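Readers should treat all values here as calculations from the given coordinates under stated rules, not as data from a laboratory. If you're wondering where the values come from, they're calculated on a predicted model, not measured in any experiment. Cβ atoms come from the backbone with ideal geometry, glycine included; neighbour counts cover every protein chain shown.
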Amino acid sequence: MIEVRRLRKSFGQAAVLDGVGLRVGQGESLCVIGQSGTGKSVLLKCILGLIQPDEGVILSQGQPLDQAHFMQRFGMLFQGAALFDSLSVWQNVAFRLRQRMSDRAARAIALEKLARVGLGPETADLMPAQLSGGMAKRAGLARAIADDPAVIFFDEPTTGLDPIRARSIDSLIRGIVTETGATAVTITHDMASVRAIGDRVALLQGGRIVHDGPVAAMDQAPALAKFLG
Amino acid sequence: MNPLRAIGRPALRLTRGIGAVTLFAARGLGGLTPFPARAILAQLLQIGWLSLPVVGLTALFTGAALALQIHSGGERFQASDVVPAIVAIGMVRELGPVLGGLMVAARVASAIAAEIGTMRVTEQIDALVTLSTDPVRWLVTPRLWAAILSLPVLVAVGDIIGIMGGWLVGTTSLGFNSATYIANSWAYLEGWDVLSGLIKGAVFGLIVALSGCWFGMRSGRGAAGVGRATTSAVVAAAVGILAANFALTGLFFR
């Protein structure tokens, strides 16, 4: 379980996060939505330790988050996939695995994960520049799940994809989260993704969470209705 | 505004900046465990081997032009026979390291800043952190050490080619005898002349790679941000080389 309490982060005079509180249960899939510039990615980066919050605590299993330990247990799919340009697809997927096992063993796992996201072995030796946007997202997803993480973060997983590819990424994510039982936190502004991926949805507005409830009941939530216009 | 404050603020900013760059360099140089042999070799190829043509050509033309200048100037006081010695000393002490460093700065500092800057704006550096990897150890350490190791070799090659450039002009258009030219080049050259140039090369290598890495890691968003980082890296590396050259020359030869 991950819990965020009273998280605050300002850049200059602008308070991007103004006392955010959130809780994600074990095996739960939470979607955080909000307009562009409301601090969704900043919230994610604070949880991941990429940005130092000004105030607040982040707990894992009720204990203050040990960043080094936590890093070993989570996977992350970046908005643009963030594959390393200088490494081939399989080396990207097996990046963390290669730090503790032979290249041969790591490659075997990488091929398995690539197959799970619908990429055949012929893609393994390609360089990221040779992949389409959808293939890069899938390779990024394979890297995120390569080490069987307990928690997976998705930052705008469908941004930049056409609707058909976006829905196929959604169903892949849902399938992986269900299969592995991993806890998932997805940052998105794509409501179709929220319906496909999420168990719960939280709306970030004005630096605070103004709605937090089940996806099944989101159509009845006044705050969400206002957000969706 | 209080004049003391007007001086104090930039002074504090400068001191903070120097401190931050020094700590960054120390972290970069210290990230050698486990030893990144493969990454350093790859960077030796990029920084050292691929810079050979540009450094060689620069040295060749510089040595040749230097020979013409010294011959022309030396004729005014009947000293044109000092051409071989002055070309050799000038190349190994000053022109080899400085011009080699500047050419590598133009080629390598910009490439490093652009590569790391692009990695920053495409979140590849954040991805490294989330994969439990220190970006400084992964990206900065191999580049710093490869530049420190390869610049002295480039300087040595540039020195030889520069002296050969002088010899070429001396023997083909200034009337020098080939054997005499070579003998005079060696006769006045001391070990410390060569060694000081190689030490300068290593320092310039550190400056070049450090500038590229520092500005790349702090690149702003988008293509404009990477462009600014690249320009800043080259300017900082070039100015740093010239300033360090002055300081080292004062230290070595006063």
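Each of A:E122 and B:A65 was given a label point 7 Å from its Cα along the Cα-to-Cβ line. The distance between the two points is 5.4 nm. Net charge in the neighbourhood of B:V83 (other residues with Cβ under 15 Å of its Cβ; Lys, Arg +1, Asp, Glu -1) is -1. Between the range A:151-180 and the range B:41-55, what is the separation of their alpha carbon centroids in Å? A separation of 42 Å, based on Cα centres. Assuming a viscosity of 0.692 mPa s and a temperature of 37 °C, what translational diffusion coefficient in µm² per second does Stokes-Einstein assign to the range B:38-249, Rh being the Kirkwood radius over Cα pairs? Estimated diffusion coefficient is 182 µm²/s. Computed on the range B:38-249, with alpha-carbon pairs under 8 angstrom and 6+ residues apart, the relative contact order is 35 percent. Listed by chain and number, the aspartates and glutamates whose C-alpha is less than 14 Å from the C-alpha of B:K200, apart from same-chain residues fewer than 8 away, are B:E94, B:D159. A simple count of charges around A:T158, restricted to other residues whose Cβ falls under 10 Å of its Cβ and scoring Lys, Arg +1 and Asp, Glu -1, yields -1. Within the listed set A:A105, A:A202, A:A139, the Gaussian network model of chain A (springs between alpha-carbon atoms below 10 Å) gives the highest mean-square fluctuation for A:A105. Computed across chain A, the Kirkwood radius stands at 18.1 Å (inverse of mean 1/r, all Cα pairs). In a DSSP loop and with at most 12 other Cβ atoms within 10 Å, the trypsin sites (Lys or Arg not before Pro) in the range B:159-246 are B:R221.
For A:H69, A:H211, B:H71, the sequence from fewest to most other C-beta atoms within 10 Å is A:H69, A:H211, B:H71. Compared with the dominant Cα axis of chain A, that is its longest principal axis, helix A:163-180 is turned about 90°. Relative to the Cα centre, the charge distribution of chain B, modelled as +1 at Lys and Arg Cβ and -1 at Asp and Glu Cβ, gives a dipole magnitude of about 1080 debye.
Compared with the direct C-alpha span, the chain from B:S72 to B:L4 gains 19.2 nm at full extension, assuming 0.36 nm per residue.
By the combined test of axial Cα extent (at least 24 Å) and Kyte-Doolittle hydropathy (mean at least 1.0), the qualifying DSSP H helices of chain B come to B:52-74, B:141-173, B:191-217, B:222-253.
Rounded to the nearest 0.05, the FRET efficiency derived from the C-beta distance between B:A224 and A:Q13 at R0 = 30 Å is 0.80.
Arranged from fewest to most other beta-carbon atoms within 10 Å of their beta carbon, B:F24, B:F77, A:F74 become B:F77, B:F24, A:F74. In the range B:123-254, a dipole from Cβ-located charges (positive for Lys and Arg, negative for Asp and Glu) runs towards its positive end, and of B:A147, B:G162, B:G225 it is B:G225 whose Cα lies farthest in that direction. The simple spin-label model puts a point 7 Å past each Cα toward its Cβ; for A:D219 and A:E3 those points are separated by 3.4 nm.
Each of the peptides B:139-151, B:55-67 was scored by the mean count of other Cβ atoms within 10 Å over its residues; in descending order, highest first, they stand as B:139-151, B:55-67. Amide H contacts of A:I209 (H built 1.01 Å from N, in plane; Pro and chain starts excluded): A:G21 sit under 5 Å, all sequence-distant by 5 or more or on other chains.
Taking 27 Å as the limit for the C-alpha separation, the pairs A:K40/A:K137; A:K9/A:K137; A:K40/A:K226 exceed it in the case of A:K9/A:K137. Here's the picture: charge each Lys and Arg Cβ at +1 and each Asp and Glu Cβ at -1 in the protein assembly as shown, and of B:F253, A:P64, A:L50 the one pushed furthest to the positive end of that dipole is A:P64. With contacts taken as Cα pairs under 8 Å at a separation of at least 6 residues, chain A carries a relative contact order of 27 percent.
Using only side-chain charges placed at the Cβ, +1 for Lys and Arg and -1 for Asp and Glu, the dipole size of the range A:161-229 relative to its Cα centre rounds to 120 debye. Across the range A:131-221, C-alpha contacts under 8 Å between residues 6 or more apart give a mean separation that, scaled by the residue count, equals a relative contact order of 23 percent. Projecting label points 7 angstrom from Cα along Cα→Cβ for B:A243 and B:T33 puts them 3.3 nm apart.
Report note on the peptides B:155-165, A:149-159, B:240-250, A:93-103: ranked by the mean count of other C-beta atoms within 10 Å, highest first, their order is B:155-165, A:149-159, A:93-103, B:240-250. Most exposed first by the Cβ proxy, i.e. fewest other Cβ within 10 Å, how do B:Y181, B:Y188 rank? The fewest-first ordering by Cβ neighbours comes to B:Y188, B:Y181.
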